[in-house]
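A.B. asks: Structure incoming, see below.
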Amino acid sequence: MTQTYTRLPARNLDKSAGLLRPACILPERVELDNPALDVMTDFRRLTAFIATPGDTIKQAEERMIRRKVRLLFVMDSQDRVAGLVTRTDIHGEKPMQVVQSRGIRRDEVLVADIMTPVERLEAVDYDDIAHARVGHVLETLKARGRQHALVIEHTGGRQMVRGLLSLSQLCKQLGVNVETTEVANTFIEIEQHLAHA
C-alpha cells in the first residue's frame with residue numbers, strides 16, 4: 001500500500017520571531033525544604049559548556065566569560081568527561097605552580113595541567129536528587145567540602161552526567177551572599193545567615 005504525503009502549510013517568518021533555546025530556569029528563591037531539583041542545573045534542558053585538555057587556560061577563561069559560566073567540563077577525544085576546570089582553578093595557585101615547576105610561561109599552561117581529573121570528581125545519583133530537598137544538597141556539598149557536585153544517571157549501561165549542583169548557585173537561590181573561595185568558611189557563613197533569617 002502506497003502512502004500519499006501532502007505538503008505541510010508554510011508561512012513567512014515574522015520580524016519579531018525569536019529562537020527557542022534549551023532553558024533550565026531555576027526558581028529565584030528557595031528554602032531548605034524545596035525539592036532538590038530546584039537547585040540542579042539540568043543538562044537535558046541547558047547546554048553544558050566544554051573545554052578540551054589541550055586548550056590553554058586563557059582560551060578556557062574566554063569561553064567562561066563568553067558563556068557567563070564559572071565551570072567547564074573537560075572532554076577527551078572520545079567524548080568522555082576527563083575532568084572539570086573552574087574559574088577558581090584558573091585564578092588560583094595551580095597555574096603559578098605549573099609555571100614554576102615546568103619553567104613555562106603562564107600563557108602556555110593548559111587546561112589539563114590545572115583541571116580536577118575525572119577520578120577525583122564525586123557524583124550523586126539523579127534518582128536520589130529527584131527525591132531529596134535543598135537541605136540535603138547543602139549537607140552533601142558541606143560534607144564533601146566541595147563547590148560542585150555532579151549528578152549522574154545511567155543510560156544504556158553508561159554513566160552520563162545529567163546535572164550540576166553548584167554552591168554559588170545554591171547560595172544565590174537561598175539569598176545568602178557569599179564571596180569566599182574557601183569552602184569551609186562558605187558553609188559557616190551560610191549557616192550564620194540561615195540562622196538569622
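A.B. asks: Scan region 128-147 for residues that are more than 19 Å from Gly175 (Cβ to Cβ) and either open to solvent by 20 Å² or more (accessible area, probe 1.4 Å) or among the aromatic types (Phe, Trp, Tyr) (or both) and jot them down.
C.D. replies: Asp128, Ala130, His131, Thr140, Ala143, Arg144, Gly145, Arg146
A.B. asks: Let me ask something else about it. Any residue in region 40-65 that is without any contact (Cβ under 8 Å) to a residue 40 or more places away in the chain sitting within a Cβ distance under 7 Å of a residue that is assigned to a helix (DSSP H, G or I)? List the pairs, counting only those 6 or more apart or interchain.
C.D. replies: Listed by first residue and then by second, the contacts come to Phe49/Arg63; Phe49/Arg67; Glu61/Ile90; Met64/Arg87.
A.B. asks: Does Val109 satisfy being free of Cβ contacts under 8 Å to residues at least 40 places away in the same chain, open to solvent by less than 80 Å² (accessible area, probe 1.4 Å) and more than 16 Å from Leu164 (Cα to Cα)?
C.D. replies: no
A.B. asks: Run down Gln3, Gln97 and say which single residue is surrounded by 12 or more Cβ atoms within 10 Å (Cβ to Cβ) and farther than 17 Å from Leu165 by Cα.
C.D. replies: Gln97
A.B. asks: Looking for something under 15 Å from Met40 (Cα atoms), in contact (Cβ under 8 Å) with a residue 60 or more places away in the chain and within 14 Å of the chain's Cα centre (by Cα) - is there at least one such residue anywhere in region 71-91?
C.D. replies: Within region 71-91 (the criterion being under 15 Å from Met40 (Cα atoms), in contact (Cβ under 8 Å) with a residue 60 or more places away in the chain and within 14 Å of the chain's Cα centre (by Cα)), the answer is yes, since at least one residue qualifies.
A.B. asks: For region 113-127, how many residues are without any contact (Cβ under 8 Å) to a residue 12 or more places away in the chain and surrounded by 13 or more Cβ atoms within 10 Å (Cβ to Cβ)?
C.D. replies: Residues that pass the stated criteria total 0.
A.B. asks: Scan region 148-168 residue by residue and report those that are open to solvent by 50 Å² or more (accessible area, probe 1.4 Å) and either in a helix (DSSP H, G or I) or touching a Gly at 6+ places or on another chain (Cβ under 7 Å) (or both).
C.D. replies: Ser168
The values are calculated or read from the model by the stated rules, or taken from the named source; none is laboratory data. Keep in mind that what you see is a predicted model, and the values were worked out from it rather than measured. Cβ sites come from the backbone with ideal geometry, for glycine too, and all protein chains shown count toward neighbours. To get the accessible areas, we keep the full protein, side chains included, count just its heavy atoms, and leave off ligands, DNA and RNA. Shrake-Rupley method; radii C 1.70, N 1.55, O 1.52, S 1.80 Å.
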